[in-house]
Amino acid sequence: MNVNAPPEGATLGLIAAGGLTPLLVAREARAGGWRVHAFATEDSLDLSAEVDLIIPVRLGDAMIVMDHLSRVGIRAIVLSGTLPKARFFQSTLSDPVGLGGAFDWSDHTLFHQAATLLEAQGIRLLDQRQFLGPWLARVGNLTQQRPTSSQETEITRGFSVARQLARLGVGQTVVVKHGVVLAAEAVEGTDETIRRGCRLGGPGTVVVKVAAENHDFRFDVPSIGPTTIEALAEARGAVLAVEASRTLIVEPEVTVGMADSRGLALVARG
């Protein structure tokens, strides 16, 4: 289904977690002719100007979502935004996402359960990228500052390690210097990984963020934005390298402008 040509009168369900991404999805979807019903979590920004209906939800409210989808006849849904995984462990719920009490809370298991539940009801889970194309990183050096030859070597090393970690479902980001992996992302998230790794490596460290080869973009689009650049600058890092066409740059003009003003190199590699 093309975002620009939804079925006449079709409504898109949007599970909206934190960050700017759900707003971008909603805006692009409505511009393409969709009606949008947003299931807004406590982390969601105010989407009232960008959607047709907002339904507040919390962790564990999967059945509220399913009941609404069924009642309204919604046959397509998008999951978008950031939900800190650590919150699952801090929750008092035995089943924080309401998908049957799975002991395994790995992304693969949770996402598979969500997709199975939706597909059983005839609901398609859409790839977020069909709504986020304008904000995906394009190949090239995005800032005035470019990596040095030694930093390019670090980028190559970082991509190799990060892809292996992503394949294992551990995380998407690594921090490297002089061929040594200083930090690898797990549940703490990209920004905290950057702070930890750059604190250990000192000035000149290189950060690489990737997606797994078989990454399922229905559930997650690797992203960077102003907070990522701020974390890199504060920790005295030097380079941030991401995968072109597979990484979302939130507020790209602001993000690149911040990197330029701080003398950082931001690059997208194919």
**OP:** Kindly establish whether E152 is of a type in the set (D, E), surrounded by fewer than 23 Cβ atoms within 10 Å (Cβ to Cβ) and not in a loop (DSSP other than H, G, I, E, B).
**Re:** yes
Original post:
Taking into account only those residues within region 15-56 that are over 17 Å from the mean Cα position of the chain (by Cα) and farther than 20 Å from L126 by Cα, which is modelled with the lowest pLDDT?
Top reply: E42
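Any idea which of G171, G122 is crowded, with 19+ Cβ neighbours inside 10 Å and assigned to a loop (DSSP other than H, G, I, E, B)?
Details: G122 fails: crowded, with 19+ Cβ neighbours inside 10 Å.
On inspection, the qualifying residue turns out to be G171.
Working only within region 45-63, note down all residues that are touching a Phe, Trp or Tyr at 6+ places or on another chain (Cβ under 7 Å) and part of a loop (DSSP other than H, G, I, E, B).
So in region 45-63, the residues touching a Phe, Trp or Tyr at 6+ places or on another chain (Cβ under 7 Å) come out as 55, 57.
If the condition is that a residue be touching a Phe, Trp or Tyr at 6+ places or on another chain (Cβ under 7 Å) and part of a loop (DSSP other than H, G, I, E, B), then V57 is the only one that fits.
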**OP:** Could you pull out the residue among A212, A241, A186, A233 that is small (G, A, S), modelled with pLDDT of 95 or more and within 16 Å of the chain's Cα centre (by Cα)?
**Re:** A241
Subject >> Residues located in region 182-234, provided they are among the basic types (K, R) and either in a helix (DSSP H, G or I) or not assigned by TED's automatic domain parsing to the domain that holds V250 (or both) >> reply: R195, R196, R199
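What number of residues within region 92-107 satisfy the criterion of being over 27 Å from G73 (Cα atoms) and either surrounded by 12 or more Cβ atoms within 10 Å (Cβ to Cβ) or at pLDDT 85 or above (or both)?
Here is the first cut: in region 92-107, the residues over 27 Å from G73 (Cα atoms) are 92-94, 102-107.
From what is left, the residues that are either surrounded by 12 or more Cβ atoms within 10 Å (Cβ to Cβ) or at pLDDT 85 or above (or both) are 93, 102, 105-107.
Of the residues in that region, 5 qualify.
The values are calculated or read from the model by the stated rules, or taken from the named source; none is laboratory data. Bear in mind that the values here come from a model prediction, so they are computed numbers and not experimental data. Heads up, the Cβs are rebuilt from the backbone with ideal geometry, glycines too, and the neighbour counts pull from every protein chain shown.
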